[in-house]
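The values are calculated or read from the model by the stated rules, or taken from the named source; none is laboratory data. Keep in mind that what you see is a predicted model, and the values were worked out from it rather than measured. A quick note on method: Cβ atoms are made from the backbone with ideal geometry, for glycine too, and the neighbour counts reach across all protein chains shown.
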Amino acid sequence: MTAKKTLFLGAHIVNEGKVVVGDVLVVGDRIAKIVERNHGGNFSPIDLENAEKVESSGFWLMPGCIDDQVHFREPGLTHKAEIKTESAAAAAGGITSFMEMPNTVPQALTQRLLEDKYERADEVSAVNYSFFMGASNGNISEVLKTDPARVCGVKVFMGSSTGDMLVDEEKVLEGIFKESPTLVATHCEEESIIRTNLAKARERWGENVPMDQHHLIRSAEACYRSSSKAVKLATKLGTRLHVLHISTAKELDLFDGSLPLSEKRITAEACIHHIWFTDADYSKKGTYIKWNPAVKTLEDREAIRAALLDGRIDVVATDHAPHTIEEKSGKYFSAPSGGPLVQHGLPAMLDLVHKGKITVERVVELMSHQVAECFKLSERGYIREGYKADLVLVNPDAEWTVTGENIMYKCGWSPFSGHKFKSHVIGTWVNGVKVWDGVNILTQNGNHAGERLHFNR
């Protein structure tokens, strides 16, 4: 059977720090040839034979985004979300690969339970996938069995956890940091500080704590105390540490923007909600922007945006973590933290491009190139000949408004509801298969185009 060919014509190719006009030929699941228009290259008649042409003039062609932190809720919490629905939403948002967290039901605390998740994704995922191995106080023997070539990393909840995955035994924590066969990704909030703040808030307001207290309860100090401990321990033990969802200006002092990513042993991630919202938004958005760590002040947001540019933040993710509208409708203590973001993360970053806050080249670095480098991902994250054809086509000037009709999440809501985005993802290709056409997930070729991610470790 002849491999399918797709030819992107006249695209503005956003890749490796520059934008060039050119044509990209995909054969089967790989990028076969790239021709820059101003370099005078061309395709042979054989190259073009039976190729499906995609007119891309005026559009951005980017490597697919790689989201290193999502919660797709399967197994056990599928009333909120599932791999099939959320991977489709990811494709609609220009995300072609995801790395999913272990706090499902049951939690991925054994190699068998971890593999169960891979087997399910293989059946239903529209985009590429990897799953973090979970750590607890009692499963270090299972953690050490993790295959670094086939698993993105080990997830550690330091100081705070919404389940029973809190790792607070010093000996266990040191063992994981010292012996982990792969990258260690941490959620850093200090539980003792949060409990003290919570008790004070309850004493003042009873059960009716206002939402705008969330960032004061799960405070900047709680974040810094835990993340500084993680960095100190990783420095001492030589751990390959990746600190997730940085939410404060203070924490940024822990990270070095002067080193190239290839030389870093300690890296940091920022998430869309901490880049976009501030505590001023609680009055309007309420529980819909309740996350852990909390959305904090304007000063914190602006510091994070600055760190995207100076190298202290290495990657941008979504921390996509859906709950039902009913669950989110509760008061402060009952409404869970987390919200859906994979469909709207890239459009949000492109809005910042339109506002002059960041370049489109830097967005691609933070959401594609550097995620691939950070995790040593094999043959993805760039538009390069021979690489897997994970590609996103964006109309930079196609405005669209987030409504219930175009939200793809199973939970049916978005913190961006009513927002008018400036740019629109009009096509997504995963391993050379078109899975999103700007309106619909495509099923005629089987939209389960995703593959298990592999790592060069």
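Can you name the condition, by its number, that Phe98 falls short on among (1) under 22 Å from Val342 (Cα atoms); (2) assigned by TED's automatic domain parsing to the domain that holds Trp429?
Of everything listed in (1) under 22 Å from Val342 (Cα atoms); (2) assigned by TED's automatic domain parsing to the domain that holds Trp429, Phe98 misses just condition (2).
Across segment 225-273, which residue is nearest to Ser192 (Cα to Cα) among those that are among the β-branched types (Val, Ile, Thr) and in contact (Cβ under 8 Å) with a residue 60 or more places away in the chain?
Among residues in segment 225-273 that are among the β-branched types (Val, Ile, Thr) and in contact (Cβ under 8 Å) with a residue 60 or more places away in the chain, the one nearest to Ser192 (Cα to Cα) is Ile246.
Would you check which residues across segment 292-312 are surrounded by fewer than 24 Cβ atoms within 10 Å (Cβ to Cβ) and not in a helix (DSSP H, G or I) and list them?
Across segment 292-312, the qualifying residues are Asn292, Thr297, Gly311, Arg312.
Could you check segment 71-110 and list, in sequence order, the residues that are acidic (Asp, Glu) and over 21 Å from His245 (Cα atoms)?
Those that are acidic (Asp, Glu) and over 21 Å from His245 (Cα atoms): Glu74, Glu82.
Which of (1) out of contact with any Gly (no Cβ under 7 Å at 6 or more places or on another chain); (2) at pLDDT 95 or above is the odd one out, the single condition Pro45 does not satisfy?
All conditions are met except number (2).
Within segment 151-160, identify whether any single residue is small (Gly, Ala, Ser), assigned to a loop (DSSP other than H, G, I, E, B) and more than 28 Å from Phe255 (Cα to Cα), and answer yes or no.
The answer is no; no qualifying residue exists.
Wholly within segment 170-250, which helices (runs of 4 or more DSSP H) include no fewer than the required count, namely at least 2 residues that are closer than 22 Å to Val151 by Cβ and touching a Leu at 6+ places or on another chain (Cβ under 8 Å)?
170-179, 220-237
For segment 35-132, which strands (runs of 3 or more DSSP E) that fit wholly inside it have 1 or more residues that are touching a strand residue (DSSP E or B) at 6+ places or on another chain (Cβ under 7 Å), farther than 20 Å from Leu377 by Cβ and touching a residue at least 60 places away in the same chain (Cβ under 8 Å)?
52-55, 60-63
Ser141 is checked against (1) over 22 Å from Gly450 (Cα atoms); (2) assigned to a loop (DSSP other than H, G, I, E, B) and fails just one. What number does that condition carry?
(2)
Let me confirm something: among Leu341, Leu391, Leu350, Leu346, which residue is surrounded by fewer than 24 Cβ atoms within 10 Å (Cβ to Cβ) and in contact with a strand residue (DSSP E or B) (Cβ under 8 Å, 6 or more places away or on another chain)?
Leu350
Restricting segment 11-30 to residues that are among the small types (Gly, Ala, Ser) and outside any loop (DSSP other than H, G, I, E, B), which is surrounded by the most Cβ atoms within 10 Å (Cβ to Cβ)?
In this case the residue turns out to be Ala11.
Just a yes or no: is a residue in segment 64-85 closer than 27 Å to Gly17 by Cβ and of a type in the set (Ser, Thr, Tyr)?
Among the residues of segment 64-85, not one is closer than 27 Å to Gly17 by Cβ and of a type in the set (Ser, Thr, Tyr), which makes the answer no.
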